[in-house]
Amino acid sequence: MITLKSQREIELMHEAGKLLAKVHLEIAKMIKPGITTSEIDSFVEDFLAKHGATPEQKGYQGYQFATCASVNDEICHGFPRNEPLKNGDIVTIDMVVNLNGALADSAWTYQVGEATEETTKLLDVTKKALYLGIEQAVVGNRVGDIGHAIQTFVEGEGFSVVREFTGHGIGPTIHEEPMILHYGQPGKGTRLKEGMVITIEPMVNVGEWKSTMDDNKWTARTIDGKLSAQYEHTIAITKDGPVILTDQDKL
């Protein structure tokens, strides 16, 4: 079932999104060789508590952490841990913020220390793919228009788009209909309507798009051990076009 949000509900989700964006800006200052993803996770939980918010995914289906922290070949749902990040790593921090019952969801991939040409291109392509998808998130378009824009760009740059994990509707629960595929055909799939709030969150791999699951039953990683990156925003579909509720550039 797809729920359409009122203007008031979207405004509340936007407040949650602004807080989430602030968290990411703080994380960006922390990222350096030697820091651990457990330290980042603790910071996020404390930061949210100081601002009257909670990490929505903590406790979701038994998940134990405030964030997902996926390093290098981990595609998504990596567990925060005490192993220090190394120079040249990339790490994706993904979280859902609950502020007064309103939810926002955003992931960001960070370069740790020095970047290679490959990691620089991977992060640039993945981020651009996100915004190309957002451009298609307009009333009257279909989910396939979003996925097609992302897939054609990513594959044209020599990378692949993960297919086992998707974007989704959000609010009042974390995962709602519709699924937002990051691949597909234009003009196909659910039609976008005013009041929908969705996440667009392309996961892009250097090598094959297929994944394998760790023994913890949460963490997905690339099947060939090559790098993966992800960027995600929460988007409101409005009559005036897509509104990014987790925008870091407008704080």
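The values are calculated or read from the model by the stated rules, or taken from the named source; none is laboratory data. Worth saying up front: this structure is predicted, and the values here are computed from it rather than measured. Don't worry about glycine lacking a Cβ; one is built from the backbone with ideal geometry, like all the others, and counts go over all protein chains shown. Heads up: the accessible areas ignore ligands, DNA and RNA and are worked out on the full protein's heavy atoms, side chains in. Shrake-Rupley method; radii C 1.70, N 1.55, O 1.52, S 1.80 Å.
Values for this structure:
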item: Cα lying deepest toward the dipole's positive end in region 7-244, options Asn100, Gly140, Val204, charges on Cβ; result: Gly140
item: Sulfur and carbon atoms: percent of accessible area, the chain [1.4 Å]; result: 50 percent
item: Prolate/oblate/rounded call for region 6-149, Cα gyration tensor, a/c under 1.5 rounded; result: oblate
item: Computed magnitude of the charge dipole of region 1-147 (debye, nearest 20; Cβ of K, R +1, Cβ of D, E -1); result: 340 debye
item: Solvent-accessible heavy-atom area per residue, rounded to whole Å², over the chain at 1.4 Å; result: 44 Å²
item: Choice from Val125, Val91, Val197 with maximal GNM fluctuation in the chain (Cα, 10 Å cutoff); result: Val125
item: Inter-centroid distance (Cα atoms) of region 163-195 relative to region 206-251, Å; result: 13 Å
item: Given charges at beta-carbon only (K, R positive; D, E negative), |dipole| of region 140-199 in Debye; result: 180 debye
item: About the Cα centre, charge dipole magnitude for the chain (Lys/Arg +1, Asp/Glu -1 at Cβ), debye; result: 480 debye
item: Computed [θ] at 222 nm, deg cm²/dmol, the chain (DSSP H ≥ 4; -39,500 (n - 2.57); rounded to nearest 500); result: -9500 deg cm²/dmol
item: Trypsin sites (Lys or Arg not before Pro) lying in DSSP loop within region 109-204, provided at most 13 other Cβ fall within 10 Å; result: Lys188, Lys193
